[in-house]
Each structure stands twice: as structure tokens, then as C-alpha cells.
1. HN-Hα J couplings of the range B:88-98 from phi, Karplus 6.51/-1.76/1.60, θ = phi - 60°, integer Hz, Gly and Pro as x?
2. Quick check on the range B:34-74: take the gyration tensor over C-alpha atoms, sort the square-rooted eigenvalues as a ≥ b ≥ c, and tell me if it's rounded (a/c under 1.5), prolate or oblate.
3. What percent of all Cα-Cα pairs in the range A:135-227 falls in each 5 Å bin, counting up from 0?
4. So what does log10 I(q)/I(0) come out to for chain B at q = 0.07, 0.15, 0.16 Å⁻¹, using the Debye formula with one equal point on every Cα and no solvent?
5. Name the residues whose placed amide hydrogens come within less than 5 Å of the amide hydrogen of A:Arg13, ignoring near sequence neighbours (fewer than 5 apart) on the same chain.
6. I'd like the accessible area for C:Trp88: 1.4 Å probe, protein heavy atoms, all chains in place, Å² to the nearest 10.
7. Of the candidates B:Gly139, B:Gly223, B:Gly107, which one comes out as most mobile in a Gaussian network treatment of chain B with C-alpha springs shorter than 10 Å?
8. Ordering C:Arg251, A:Arg60 by accessible area with a probe of 1.4 Å, largest first, what comes out?
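The values are calculated or read from the model by the stated rules, or taken from the named source; none is laboratory data. Please read these numbers as outputs of a predicted model, since none were measured by experiment. As a convention, Cβ positions derive from the backbone with ideal geometry for all residues, glycine included, and neighbour counts pool all protein chains shown. Heavy atoms of the whole protein, side chains included, go into the accessibility calculation; ligands, DNA and RNA do not. Shrake-Rupley method; radii C 1.70, N 1.55, O 1.52, S 1.80 Å.
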Amino acid sequence: MTGAPAAPVALSRSRGVLHALLDAPGRRNAVTPELLDALHAAVDTAEADPGCRVLVLSARGEHFCAGTDLTAPVPEPAAGPEAELPYWTLLDRLTRTPVVTVALVEGRATAGGVGLAAACDLVLAGPGARFRLTEALVGLVPAMALPFVARRTGEQRAFTATLLAEDLDAPAAVAAGLADLHAGEPAQALRRTLVALSRVDRSTAGALKTYRSRLFPRDARLGQDAGRVFLDRLTDPAVQPLLDRIPTPERAV
Amino acid sequence: MTGAPAAPVALSRSRGVLHALLDAPGRRNAVTPELLDALHAAVDTAEADPGCRVLVLSARGEHFCAGTDLTAPVPEPAAGPEAELPYWTLLDRLTRTPVVTVALVEGRATAGGVGLAAACDLVLAGPGARFRLTEALVGLVPAMALPFVARRTGEQRAFTATLLAEDLDAPAAVAAGLADLHAGEPAQALRRTLVALSRVDRSTAGALKTYRSRLFPRDARLGQDAGRVFLDRLTDPAVQPLLDRIPTPERAV
Amino acid sequence: MTGAPAAPVALSRSRGVLHALLDAPGRRNAVTPELLDALHAAVDTAEADPGCRVLVLSARGEHFCAGTDLTAPVPEPAAGPEAELPYWTLLDRLTRTPVVTVALVEGRATAGGVGLAAACDLVLAGPGARFRLTEALVGLVPAMALPFVARRTGEQRAFTATLLAEDLDAPAAVAAGLADLHAGEPAQALRRTLVALSRVDRSTAGALKTYRSRLFPRDARLGQDAGRVFLDRLTDPAVQPLLDRIPTPERAV
């Protein structure tokens with residue numbers, strides 16, 4: 001339960017499935033540069049293995065992911081090209097990779113952690129799952145997470161969940177569309193989902209995901225605009241007093 | 001209960017909240033030029049006061065809003081720029097103003113009255129609330145209301161509610177996404193919503209609303225096209241016999 | 001119950017309503033060139049009769065429609081203009097014709113058969129209705145059906161139904177938005193729907209449908225792109241072993 005310098009993500013492989021376990025419970029699996037590197041590497045690993053059809057993200061500890069760690073130095077607000085927004089590019093890759101991506105959420109997904117789950121093709125919500133976009137409470141806008149939330153929930157529900165910082169349990173998340181399945185027995189639900197996915201080969205799933213992107217195109221500048229909106233708020237002097245309300249050991253959003 | 005020349009909207013202010021009460025129950029709070037002026041003025045007032053975070057629309061009487069009054073002279077079908085469509089611009093402002101807009105619907109919202117509620121950021125539906133797009137029954141298309149309904153309900157549900165002129169009570173409206181909350185106790189629900197909203201400052205809510213518009217852009221000509229579609233039907237000779245079915249004292253839609 | 005050379009669709013007319021009965025139960029009402037011709041002809045007939053307000057599609061036998069017949073020769077993958085994609089153009093016409101289109105689904109709608117139902121303005125699902133997009137199981141992407149499914153269900157639900165080849169009964173189809181009504185008593189539900197539709201004249205329904213297309217425009221190249229994606233997979237050598245799993249007498253998808 002300490003923020004040891006151990007790898008923040010543990011990978012394991014079984015029958016066409018790569019399991020990526022977020023394994024920094026002492027940091028509440030907050031989004032750090034190291035976590036993003038490790039998750040990008042997990043996608044790389046899955047893509048490089050032609051026998052890998054599914055990538056499962058799950059987490060050890062009470063938190064699936066606590067959102068963006070704010071103790072690290074803030075990047076320049078004049079955000080560069082999209083490639084320099086590793087959170088955005090990770091979410092985008094999760095939606096585009098021919099590997100089917102599954103989030104098994106058994107604890108709290110908060111702020112940017114909601115976006116991480118929402119970007120996956122399938123979200124299974126265990127009995128202890130909670131989803132909460134807390135950004136507005138501290139003066140921020142979840143600009144990078146929202147497009148991934150909204151493609152699941154529709155426009156209005158993504159907006160109200162943010163404005164009211166609603167704390168959604170598994171049934172509420174399924175009702176909102178944020179999760180696909182309320183999994184009373186998470187291990188069993190994951191097993192069944194993997195069996196269902198074993199009937200679709202990687203090339204077909206990839207073609208389906210590519211066509212989804214064609215049918216619902218995102219405009220090419222959205223990533224940069226989203227990054228800029230997030231950073232503009234984060235560096236706004238008027239927002240600092242709000243951010244300072246967050247207890248330091250937990251500065252993530 | 002008469003259509004007295006009193007102001008159609010009564011304003012009151014308390015702790016960061018401007019309450020705008022539609023107060024022409026004798027006219028069923030139909031959309032008249034006077035009502036539109038008064039509601040535009042309410043938005044002006046809320047925006048001009050930097051301490052105002054929330055604008056609440058509610059109504060006195062059995063009708064939240066009966067839709068567009070048809071006893072007034074019809075504007076030219078060759079509708080001018082969007083600024084000359086005060087109903088459209090009001091709805092658009094309700095979605096864009098940094099002030100959070102809340103509709104507390106306790107009676108009937110009909111035709112254009114549905115659009116007025118739907119354009120608000122949050123819609124609370126009391127036990128007596130009913131939502132009904134009646135336009136198609138009299139030969140019209142709710143062209144200006146539909147975009148605001150559909151961003152809540154999605155495309156198909158906005159369409160079927162119109163085609164079938166469904167009469168939705170509060171639970172049905174919530175199920176359709178037209179309302180956000182079925183408020184068994186409206187006063188209490190409003191109080192709780194205002195407490196939740198008190199945690200988000202005006203600048204943050206404004207940034208969130210601006211980003212919503214960026215994420216779900218409306219094409220720039222939609223307002224004019226919608227106004228033209230509405231007026232084309234309203235002035236179509238073939239539609240007059242259908243309009244004439246509406247009893248004169250209630251000519252609104 | 002044989003694939004007799006009889007007409008695959010039987011038309012009948014009553015009080016402003018054209019009933020088109022898919023009548024090839026021996027072929028599970030699979031989408032053949034003959035069925036497409038007959039359904040295009042049904043739309044022509046309905047449109048040519050100014051007194052016709054509603055077109056109802058229903059089916060005889062256990063299958064509403066089993067999807068595209070794969071025993072026919074496959075068209076060239078370098079698909080020509082949209083006019084050469086009669087399945088796509090049929091679905092598109094069902095959404096655009098001023099005649100209100102209603103699918104009464106009492107049996108199984110499979111693969112392309114789901115698209116046929118989904119393209120109708122209203123979908124009534126009887127107690128025996130099942131909806132299943134099976135394409136991914138045999139290496140295909142339901143590229144032409146998906147836009148029509150997604151405008152009902154939203155993006156994510158259309159995607160998961162495809163990826164998991166979910167077998168949706170009537171209540172599940174309504175929950176997903178794929179059907180509008182779970183009709184415990186199909187004949188009665190159809191009668192009530194026709195009564196509701198009798199209050200809206202053809203010109204008004206047509207104006208509403210035209211405005212829907214304006215509000216939710218489809219990009220002009222989508223039909224051709226969808227046709228190409230479907231045919232690319234169908235003719236991909238890697239997909240043939242998957243297609244060969246389908247028993248020959250039932251080769252439809």
C-alpha cells in the first residue's frame with residue numbers, strides 16, 4: 001500500500017487475452033506519466049501479438065483510477081500536437097486498436113479515471129464500482145474524458161453527470177450507459193464476456209471498430225482543443241483556490 | 001386568472017439564484033412576444049449580476065407553458081437573420097449562458113413549451129408535469145424545439161414523441177431523457193438541486209457549457225432553417241384547416 | 001413452406017394503410033434481389049397513392065427477415081454509385097418517404113433483417129420478436145444496417161449489440177431503443193398505432209421526416225462507404241472459412 005517505485009501496471013497473458021492490472025493502490029492508481037507509459041506499453045504489447053484479441057484493464061485496491069495526479073508539474077497550457085497529450089492518445093488508442101478493450105471496474109473511477117474506463121469497448125461494473133466526474137467541484141472541465149463518456153451516455157447525461165458531480169454506482173452507471181453491464185460476480189462476468197468475445201476474430205473486431213470511427217467521426221482538432229480547455233482551467237489563477245481545497249496526498253482529479 | 005396586462009414573468013432573487021416565474025396562467029403561459037421579451041430580460045438580469053449562478057424557470061397555474069400563441073400576427077415566412085427569431089434565440093441563450101438554467105415543470109408543457117423546458121440545463125418534473133409535442137396534430141413541425149429536445153432524448157425518441165404526439169408524464173419524460181429528475185416533492189427537489197449547484201462556481205459552469213457547445217456543435221444555419229420550416233408550415237394554405245380546429249381561446253402550439 | 005417462385009411480398013390496402021407482408025417463410029424472408037425489388041415496389045405503390053399515409057412491413061413465418069441471402073453471387077467489391085446498393089437505398093427510402101413506415105416484428109430479425117426493421121419510423125416488437133446482429137460471428141461488419149440501428153440506439157449500444165452478437169428479445173430491444181414498443185398483443189398494438197397515426201396527415205409526416213433528415217444529416221458518401229466495407233469483408237479470402245461455417249440452406253446474414 002505504498003507508492004513504491006514498482007511498475008504501476010502488471011501484465012499477464014492467457015489464451016488471446018492480455019490482462020493489465022493497475023497496480024499502484026497506494027497512489028489510488030492515479031494517472032501519472034508512469035501509468036500512462038505503462039498503459040501505452042500494454043496496448044503496444046497487445047497489438048504486437050497477433051494472437052491477442054482482448055485487452056482487459058482492471059485495478060488492485062479500492063480505486064480503479066483516481067484521475068490525473070496533480071502533484072506532477074503541469075504541462076504548458078499552449079499544448080502542442082496531440083501526440084504530446086498522452087492521456088488523450090491513450091483513450092483514443094483504446095477506442096481504435098483492433099484489440100477489443102474491456103474495463104473491469106470494481107472500485108472507484110474518479111474524474112480522469114472515468115474517462116479511462118469509458119474509452120474501453122466494454123465496461124463491466126462490479127458491485128463496488130463507483131463512477132464520478134469530480135472536475136467541476138474544483139474548477140475544472142473534464143474536457144478530455146467527456147467525448148469518451150458522451151459516446152456512451154449521449155450528450156445530456158454526460159453533461160449532467162459532470163455538472164452535478166454525480167456519484168454513480170453500478171446500476172446507475174449502467175442506466176446512464178457509462179457501463180455496459182452490472183456484474184454482480186465480476187470474475188464470472190469477465191469470463192462470460194471473454195467467451196462471447198472469443199467468437200469474434202481480431203480482424204473482424206478491428207474492422208468493426210474502424211467502421212465505428214467512420215460512422216461517428218471525431219473532428220481532427222478535438223484532442224488539442226480538449227487538452228487546451230483542460231490546461232487553461234488548470235492554470236487559471238482563479239481556479240487555484242479551488243484546487244487547493246483538495247488534500248495534498250490525494251491531489252488527483 | 002385573466003390575461004391582464006401584468007408582467008408575464010415575475011423575478012425574484014435569493015442567494016445566487018434568480019427565480020423567473022411564468023405568471024400568466026390566464027393565457028396558459030403561452031409564448032407571446034411579451035413573454036419572450038420578459039424571459040430574455042431575465043437572462044440579461046442573471047448574466048449582469050456576477051453573483052448569480054442559477055436561473056430557475058417555473059410557472060404559476062396548470063400550464064408550465066402552452067407553446068406559441070397563434071392569435072398574434074404571424075411573422076413573414078422569409079424569416080430574417082436568427083436575431084429575429086426570439087423564441088430560437090431564447091432557447092439558444094438558455095443553453096449557452098454561463099448561468100446554470102433549471103426548469104421546474106409542475107404542470108403541462110405543450111408544443112413550444114416543451115422546447116422552453118428542454119433548453120434548460122436541468123429539467124425537474126413534478127408529479128403533475130406533462131410534456132407533449134402537439135404540433136403534428138395541427139399540421140406543424142416543432143422545428144425550433146426539436147434540436148433542444150433531441151440533445152436530451154436522442155434522435156429517435158424526439159421523433160416518435162412528435163409523430164405520435166405522446167403525452168408524457170414525469171416518469172415517462174425522465175425515461176425518455178426529456179426531464180432529468182422526477183421530483184415527487186418539487187420544492188424539496190429544487191432545494192437539493194440548488195445545493196448541488198452551489199458547489200460549482202459560475203466560471204466553471206460557464207466553461208463546461210462552452211465546452212459542451214464545442215463538443216456538440218450546432219450548424220450555424222440551423223436556427224434560420226428551423227424558423228423557416230416552422231413558418232412555412234404555419235402559413236401553408238393546406239395547413240389552415242388543421243389549425244382552425246384549435247379552439248380560438250386556446251390557439252397556441 | 002417452400003422457396004416457391006411466388007412473389008416474396010404480398011400487398012394489401014386498407015384505409016390509408018398499405019400492408020406489405022414478407023411472404024417467403026421457406027427462405028426465412030432472407031434479403032434476395034427479388035425481395036428488395038418487391039419492397040422497393042411497395043414503397044413506390046405507397047408513394048404513388050396520395051391517400052396512403054402508412055406502410056406496414058410484417059412477415060409470415062418464424063422469421064421477420066433472416067438478412068442478406070449469401071447464396072446469390074456477390075456483387076463486385078468496387079461498389080458503384082449508391083443506386084446500385086438496393087439494400088441501402090431501400091433502408092434510406094424507408095426513412096425518407098413521406099409515408100410513415102412501421103415494422104411489425106413478430107419473429108426473428110437477423111443481421112440485415114435488423115437493419116430492415118430499424119430503418120422504419122416505428123418498430124413494434126411482438127412477444128416472439130428477437131433481434132440479432134450476427135455479422136461479426138462470420139467475419140462481417142453490418143456496415144449498411146448500423147447507421148439505421150444507431151440512430152435508434154445511440155453509438156455505444158449499436159456497437160455492443162454487434163460485437164457481442166446479442167440476441168435481444170422484445171423488452172431488451174425496447175430498452176436498447178431498437179424497437180419503440182413491446183407489443184404483447186401485436187394486432188391490437190398495430191391497430192392503436194394506426195389510430196394514432198391517423199391524426200397526422202401525409203404532408204405533415206413528410207415535413208417532419210424531411211426535417212429529421214435536416215437535423216441529423218448523413219454524410220453523402222456513407223452509403224457507398226458502407227457498401228464497400230460490407231463487400232470488402234464478404235470477399236476477403238480470410239473471411240471465407242468463417243462464412244463457410246454457416247450451413248448452406250441457411251446462408252444468409
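1. Values per residue, Gly and Pro as x: 4, 5, 5, 4, 5, 5, 4, 7, 9, 4, x Hz.
2. On the way: a/c = 4.50, a/b = 1.74, b/c = 2.59.
Oblate, because a/c is 1.5 or more while a/b does not exceed b/c.
3. The calculated distribution, bin by bin, is 3, 11, 15, 18, 18, 17, 12, 6, 1, 0.
4. -0.21, -1.06, -1.22
5. Hits under the 5 Å cutoff: A:His19.
6. 10 Å²
7. B:Gly139
8. Values: C:Arg251 55, A:Arg60 120 Å².
Result, largest first: A:Arg60, C:Arg251.
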